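Structure first, commentary second.
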Amino acid sequence: MSLPASVQLCEAIPGYPVFIIQHPACTARIALNGAHVMEWIPAGQSPVLYHSPQAVLEPGKPIRGGIPVCWPWFGPHPSDETMPMHGFARTRPWTLMEASESDEGVKMSFVLCSDAATHELWPHEFEAHLTVHLGATLDVSLMTINKSGSDMLLAEALHTYLTVGDISQVTVKGLDGSGYLDTVGERTERQQSGDITFDREVDRQYHSSGTVTVTDPALNRTLTIEKGESGTTVVWNPWIEKSKRLADLPDEAYHHFLCIEAANAGAATVTLPSGSAHTLRTIISVQ
């Protein structure tokens, strides 16, 4: 496949292909491993996605930062703890199907299909399509097609790491009044009162399909995260102790990122009938 002028294929390390996007509207990087959006910088802005300087770039390993694709389950497997955390899509090689450019930006589409290796982890026949529009905004959609003869249960997330200047100054708006599952310590259902601020570890699954904004005084900007076909909004920052336990994350990194994830988990897990499709979407913009 020929690539447009604004897209180049390089190797981050030998045998690890990464697409480099250099367009007047933005710069970006996408790895074939996991169809993983590693970087997105709109013109005139500082980086919007956080990428860990200690991220492991190795085929079959997840990348810490950017937008990992958690699919077809979210978190631990619902019945088998030996299965990989967050499914297998983020550690499998995807195939580039389309790359095009316009005055507004770049469109890239990737596909992951069921095969003998996926059948060992998940019994279903499927196609997963990740389409990325990169420009002044970032628009990522994950379409699942059920090609098996029975329903499939699907939990998923576009696990977006956002760069922030100082997490202690950040405010997340748009979730006031929403119920959520608090997974720090004993899993507990709670209700949000007011905006979200950060002075400890936060790992919450909000029962919400609405738009969220992240106000970041240290970087003097507001990020808006819109969603499509998403019944769960995950909000995560590991804070001090968990950051120290994550080998692919610097100990002090928690100051400078926040995850706001378009997801379907828990009660929002999708039942996808045979022959049907479902599309999870996140759109990120900067003001």
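Any read-out appearing in this document is the output of simple, stated calculations on the displayed coordinates, not a laboratory observation. As the structure is a prediction and not an experimental result, all values here were calculated from the model. Using ideal geometry, Cβ is built from the backbone for each residue, glycine included, and neighbour counts are taken over all protein chains shown.
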- Can you run the Rg to Rh ratio on segment 166-218? Use alpha carbon positions and the Kirkwood inverse-distance Rh. 0.96
- Greater than 28 Å apart at Cα, pairs in Lys61/Lys242; Lys61/Lys173; Lys173/Lys242; Lys147/Lys227; Lys147/Lys242: Lys61/Lys173; Lys147/Lys242
- Message: 5 Å is the cut-off here: which amide hydrogens, built 1.01 Å from N in the peptide plane, fall below it relative to Met97, excluding neighbours closer than 5 in sequence?
- Response: Ser109, Phe110, Val111
- Query: If you build a Gaussian network model of the chain, linking Cα atoms that sit under 10 Å apart, which residue out of Gly87, Gly266, Gly44 swings the most?
  - Reply: Gly44
- Item | Ascending count of other beta-carbon atoms within 10 Å, so fewest first, for Met38, Met97 | Met97, Met38
- Message: Using amide H atoms built in the peptide plane, which far-off residues or other-chain residues are under 5 Å from Tyr50 H to H?
- Response: Gly66, Tyr161, Leu162, Thr163
- Message: Restricting to DSSP loop positions (anything but H, G, I, E, B) with no more than 11 other Cβ atoms inside 10 Å of their own Cβ, which GluC sites (Glu not before Pro) remain in segment 105-205?
- Response: Glu120, Glu186
- Item | Rounded if a/c under 1.5, otherwise prolate or oblate - segment 73-200, Cα gyration tensor axes | oblate
- What ranking do Arg187, Arg64, Arg90, Arg281 get, fewest neighbouring Cβ atoms within 10 angstrom at the top? Arg187, Arg281, Arg64, Arg90
- If you take the square roots of the eigenvalues of the alpha-carbon gyration tensor of segment 7-286 and sort them as a ≥ b ≥ c, do you get rounded (a/c under 1.5), prolate (a/b over b/c) or oblate? rounded
- Query: How big is the C-alpha Rg of segment 1-132 next to the rule-of-thumb value 2.2 N^0.38 Å, as a ratio?
  - Reply: 1.10
- Note on the structure: the chain, Gaussian network, Cα under 10 Å: of Ala28, Ala117, Ala99, the residue fluctuating most is Ala117
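What relative contact order, as a whole-number percentage, does the chain give when Cα pairs under 8 Å and 6 or more residues apart are counted?
It comes to 17 percent, rounded to a whole number.
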